[in-house]
Amino acid sequence: MMIIKNMKNTNVQEALKIKSEVRDLLQSIIDGKKTRPEIEEICVSLINEQVKDKSTLKGFWTIIYDEHMPSDARVDFIYYPTYYATMIMMLGYLMNIDEKVLGFEETLKLGLDACVKTNLSGHGYESIDVKIEVLNLFIKVGLLEFLSLNYDFCRPFSKMINRIFEYIENAVNNNLTEGQWGKDYRLEFKSLLKQSDNYQLKLFVYGTLMKNESNHYFMENACVVCDAVASGYTLYDTGYGYPAVKHSLEGDVSGALYLISKKDLKYIDQLEDNGDLYTREFTIVTDSNGNKHLALIYVYNYNVDKNKRISKWKANSECSEYIWYASYGSNINYERFMRYINKCTDKTAPVESKPIAINHRMYFAQESSWWDEKGVAFIDAKEDQIEKTLGKMYLITKEQFEEIKEQEGGWYQNQLSLGKYDGKDIVTFTDFDVEAINEPSERYLDVIKKGILETYIDMTESEVLLYLKEKIK
């Protein structure tokens with residue numbers, strides 16, 4: 001496949017045709033009309049076609065090059081092809097295609113450096129028009145997403161974009177939007193500033209992060225945009241209480257699109273174990289009106305049972321054999337809690353998990369050999385509406401709950417009822433008597449602290465430490 005054909009002879013009409021074809025190719029990718037393997041093939045071709053020698057054109061893609069070429073021809077046959085190719089490579093990078101293609105990052109960096117050399121400009125009276133057109137196209141392929149998550153990938157390029165927006169903002173604020181040829185660019189400049197100012201990351205969710213599902217509380221600060229479909233993926237039931245998407249050629253996955261902050265994305269990365277259990281990447285999703293959106297999606301990294309393909313995720317939480325187990329000590333930490341689950345006969349992960357405020361006083365007592373001969377968490381069996389103990393409740397089977405209680409041993413055999421949620425009992429366990437206070441170890445507190453931070457995402461670390469300090473007192 002030849003994307004940008006470098007012509008030996010000067011044939012302007014043929015060259016303009018190639019330029020138009022590359023622009024159309026870019027648009028087809030933006031519109032989601034190219035499959036992931038097709039985009040990968042396109043990127044491989046662009047890697048091979050880029051100028052990589054030590055000439056002044058290093059990093060550029062050229063259709064025609066003549067040392068005596070006029071400046072306007074350079075824009076059409078060197079600058080524009082380079083802009084388009086760099087945009088395609090940038091989108092491929094956001095989609096994690098770089099992980100499979102040799103020389104991808106080097107090529108993208110060279111392309112970004114080439115864009116810095118041109119300052120995204122055109123020539124003569126079209127200079128500002130070209131810059132506006134190119135900036136709008138870069139934004140469509142994910143410029144703002146790229147800078148948000150990969151600012152240091154090519155700092156000269158990132159700084160150049162910042163300078164351009166600073167120039168545009170200054171021009172608008174000081175009524176300096178008229179170009180040297182008399183054209184006023186106020187509307188175009190304000191449109192670019194609006195896109196930059198209103199920018200937010202978009203996240204496509206399809207499983208436990210969806211409304212009414214177990215981890216939806218991670219989306220409390222996010223804003224729902226619309227229902228959407230991600231093409232090129234297939235949905236599977238892992239059998240562990242959560243679904244998985246895998247790349248496919250013909251599959252579609254239904255879900256919802258949310259606007260999300262980088263801060264909340266950090267917590268969701270932890271939840272999804274980004275880089276291990278799942279990998280976060282960008283894809284193009286389609287809403288019910290046919291509009292295209294560049295959005296993040298989490299792709300499962302492990303093998304799935306091909307026979308467990310599903311059309312839509314819905315946790316089986318209606319079964320009467322399920323119960324809410326409310327934890328308040330180290331089990332509030334999901335990773336710690338899963339150690340108990342993995343020792344159960346049924347090792348299925350919780351169907352759901354939610355924060356719960358427990359109206360019982362928490363204290364630390366006994367001496368645990370596992371926790372450095374220090375105290376562990378209990379709650380007073382007597383309810384107290386003034387007290388508020390931060391907890392997390394897991395929707396698990398009754399059999400799992402009984403086996404966990406058995407694993408905890410003799411200190412935790414006093415089973416308490418904490419009411420109901422969604423028609424199912426909420427239960428926990430503690431000691432029968434309030435024991436003598438014994439301060440917990442730092443290692444034990446650290447496990448609880450991490451559990452609270454992953455459960456109550458609005459709390460700061462200092463707030464959690466203050467909460468624990470009060471409980472120790």
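The values are calculated or read from the model by the stated rules, or taken from the named source; none is laboratory data. Note that the structure is a prediction, hence the values are computed from the model and not measured. Every residue, glycine as well, gets a Cβ built from its backbone with ideal geometry; the counts of neighbours run over all protein chains shown. SASA here: full protein model, heavy atoms, side chains in, ligands and nucleic acids out. Shrake-Rupley method; radii C 1.70, N 1.55, O 1.52, S 1.80 Å.
Residues of segment 238-255 that are surrounded by fewer than 20 Cβ atoms within 10 Å (Cβ to Cβ) and in contact (Cβ under 8 Å) with a residue 40 or more places away in the chain: T238, G239, Y240, K246, H247, L249, S254.
Under the condition of being open to solvent by 40 Å² or more (accessible area, probe 1.4 Å) and part of a strand (DSSP E or B), which residue from segment 382-393 is farthest from G419 (Cα to Cα)? Top of the filtered list is K382.
In the set K388, K398, K354, K382, only one residue is within 28 Å of the chain's Cα centre (by Cα) and at pLDDT below 95; that residue is K354. For segment 268-280, taking the residues that are of a type outside the set (A, V, I, L, M) and open to solvent by 40 Å² or more (accessible area, probe 1.4 Å), the one that is modelled with the highest pLDDT is identified as R280. The residues listed here are S191, S158, S127, S121; of these, the one that is over 20 Å from Y84 (Cα atoms) and either at pLDDT below 95 or of a type outside the set (K, R) (or both) is S191. Scan segment 416-447 residue by residue and report those that are in a strand (DSSP E or B), under 30 Å from E321 (Cβ atoms) and open to solvent by 50 Å² or more (accessible area, probe 1.4 Å). Listed by number, the residues that qualify are S417, K420, Y421, D425.
Selection over segment 339-369 of residues that are under 29 Å from E383 (Cβ atoms), free of Cβ contacts under 8 Å to residues at least 60 places away in the same chain and not in a strand (DSSP E or B) gives a count of 1.
Being touching a Gly at 6+ places or on another chain (Cβ under 8 Å) and either open to solvent by 60 Å² or more (accessible area, probe 1.4 Å) or farther than 25 Å from V224 by Cβ (or both) is a property that Y206 lacks. The set of residues in segment 181-199 being in a loop (DSSP other than H, G, I, E, B) and either in contact (Cβ under 8 Å) with a residue 12 or more places away in the chain or open to solvent by less than 60 Å² (accessible area, probe 1.4 Å) (or both) consists of W181, G182, K183, Y185, Y199. Filtering segment 93-111 to residues that are in contact with a Leu (Cβ under 8 Å, 6 or more places away or on another chain) and either open to solvent by 10 Å² or more (accessible area, probe 1.4 Å) or more than 20 Å from L57 (Cα to Cα) (or both) leaves Y93, L94, D98. When residues of segment 200-227 are filtered for being part of a loop (DSSP other than H, G, I, E, B) and at negative phi, how many remain? Adding up the residues that qualify gives 13.
The residues in segment 112-136 that are open to solvent by less than 30 Å² (accessible area, probe 1.4 Å) and either under 25 Å from the mean Cα position of the chain (by Cα) or among the hydrophobic types (A, V, I, L, M, F, W, C) (or both) can be counted, and the count is 8.
The condition of being in a helix (DSSP H, G or I), surrounded by fewer than 17 Cβ atoms within 10 Å (Cβ to Cβ) and not aromatic (F, W, Y) does not hold for D264.
For segment 63-80, residues that are of a type outside the set (A, V, I, L, M, F, W, C), modelled with pLDDT of 90 or more and touching an Asp or Glu at 6+ places or on another chain (Cβ under 9 Å) total 0.
I472 falls short of the stated requirement of being open to solvent by less than 40 Å² (accessible area, probe 1.4 Å) and under 17 Å from G391 (Cα atoms). For segment 281-327, the set of residues classified as open to solvent by less than 20 Å² (accessible area, probe 1.4 Å), part of a loop (DSSP other than H, G, I, E, B) and at pLDDT 95 or above is empty.
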